[in-house]
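First up is the structure itself, then whatever we jot down about it.
The values are calculated or read from the model by the stated rules, or taken from the named source; none is laboratory data. None of the values given here were measured: they were computed from a predicted structure. FYI the Cβ positions are ideal-geometry reconstructions off the backbone, even for glycines, and counts take in every protein chain you see. Please note that ligands, DNA and RNA were not included when accessible areas were found on the heavy atoms of the full protein model with its side chains. Shrake-Rupley method; radii C 1.70, N 1.55, O 1.52, S 1.80 Å.
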Amino acid sequence: MVLLYSPKKVDAILSELSSLVDRAALDYGIPGACIRAMLYRETKEIDLFDAAADMAVFFGLFGRDDCSTGYAQIFSRVAIRALRFAEDKGIERAARFGFDHALSDRDPADVRAVWLRLYRDKEFNLRMGTLNLLAAADEAVGSFDYAAMSPEEMKRAFSRYNANTRAVTSYGEEVFGYYLRFQNAR
């Protein structure tokens, strides 16, 4: 695996995104350290295979229509489901992002439009990743109030961001460690 970003570069990317993270945290009621932890974990693992997958989706090669993309490494279909979750909970509206209809993760045109936006727009990518953190927590823990979660609940929520599970995984443990790092840095 050939990683695209050094740890120093990942820190620089997070610094560049800091104001966007703070706004998303405020807008969605989630600690900024949670968003930073997810972004750190996802960005530090971006490699050449991710770049190749992006190109395959971008150019429609090999029948690929979706892959994880951007710093939040989120799939279009996952972003659509997270945005629908946020709309159902009254947290966010698709119209804010210029979508004039209810998005469907089964509609190829919606999947393409959202994927291109995730690929090109850092703020949209970050916000969809954040909404997915909320949706993952609601599914894994039954609440999306990260500030009120126990460490075990946070680990389960972080684990769900990355996998279809309600159990704690090594991913959840790792992201929780980054969460502590960013929480203590504030």
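Return the calculated 222 nm mean residue ellipticity for the chain, to the nearest 500 deg cm²/dmol, obtained by summing -39500 (n - 2.57) across DSSP H runs with n ≥ 4 and dividing by the residue count.
On the way: 9 runs with 119 residues, N = 186.
Computed ellipticity for the chain at 222 nm equals -20500 deg cm²/dmol.
Starting from the Cα gyration tensor of segment 1-94, take the square roots of the eigenvalues, sort them a ≥ b ≥ c, and report rounded, prolate or oblate (rounded when a/c is under 1.5, otherwise prolate if a/b is larger than b/c, else oblate).
oblate
With a 1.4 Å probe and every protein chain kept in, tell me what percent of the accessible surface of segment 49-143 is carbon plus sulfur. Could you put the intermediate results ahead of the total?
Values: 2340 of 4400 Å².
Carbon and sulfur together cover 53 percent of it.
What percent does the relative contact order of segment 1-139 come to when contacts are Cα pairs within less than 8 Å and at least six residues apart?
Numbers: 163 pairs, mean separation 33.8, N = 139.
For segment 1-139, the relative contact order is 24 percent.
I want to verify a result. In a Gaussian network model of the chain, Cα cutoff 10 Å, which of these has the top mean-square fluctuation: G172, G63, G29?
It is G63.
For E174, what is the net charge nearby, where nearby means another residue's Cβ is under 12 Å from its Cβ and Lys, Arg count +1, Asp, Glu -1? Mind dumping the intermediate values first?
Working: positive: R41, K44, K155, R181; negative: E42, E45, E173.
Summing Lys/Arg as +1 and Asp/Glu as -1 gives +1.
For the residue pair S150 and A52, what label-to-label distance in nm results when each label sits 7 Å from Cα along the Cα-to-beta-carbon direction?
Between S150 and A52, the simple spin-label model gives 4.4 nm.
If I take every Cα pair under 8 Å that is 6 or more residues apart in segment 87-152, average their sequence separation and divide by the length, what percent do I get for the relative contact order?
Values: 25 pairs, mean separation 8.1, N = 66.
Reported relative contact order: 12 percent.
Given the options R84, R96, R106, state which has the largest fluctuation in a GNM of the chain using a 10 Å cut-off (strictly under) for Cα springs.
R96
For the chain, modelled as a GNM with alpha-carbon contacts under 10 angstrom, which of L103, L61, L118 fluctuates the most?
It is L61.
Positive end of the charge dipole of segment 99-186 (Lys, Arg +1 and Asp, Glu -1 on Cβ, about the Cα centre): tell me which of N184, Y171, T130 has its Cα farthest that way.
Checked the options; the winner is N184.
How much accessible area per residue does segment 52-186 have, in Å², with a 1.4 Å probe? All intermediate terms of the calculation are to be shown ahead of the outcome.
Working: 6580 Å² over 135 residues.
Averaged over the residues of segment 52-186, the accessible area is 49 Å².
Of K89/K155; K8/K44; K89/K122, which pairs sit farther than 19 Å apart, going by alpha carbon to alpha carbon?
Numbers: K89/K155 22 Å; K8/K44 10 Å; K89/K122 24 Å.
Pairs exceeding 19 Å: K89/K155; K89/K122.
So what's the projected area for segment 85-160, the Cα convex hull averaged over all directions, in nm²? Before the final figure, lay out each step's value.
On the way: hull surface 22.3 nm².
Orientation-averaged projected area of the Cα hull: 5.6 nm².
If each residue of separation counts as 0.36 nm, what is the full-extension length gain between S104 and D88 once their alpha-carbon separation is subtracted?
On the way: separation 16, 0.36 × 16 = 5.76 nm, distance 1.39 nm.
Extra length available between S104 and D88 comes to 4.4 nm.
Once amide H atoms are placed 1.01 Å from N in the peptide plane, what residues at a sequence separation of 5 or more from T69, or on another chain, have their amide H within under 5 Å of its amide H?
The list, which skips near neighbours in sequence, is I74, F75.
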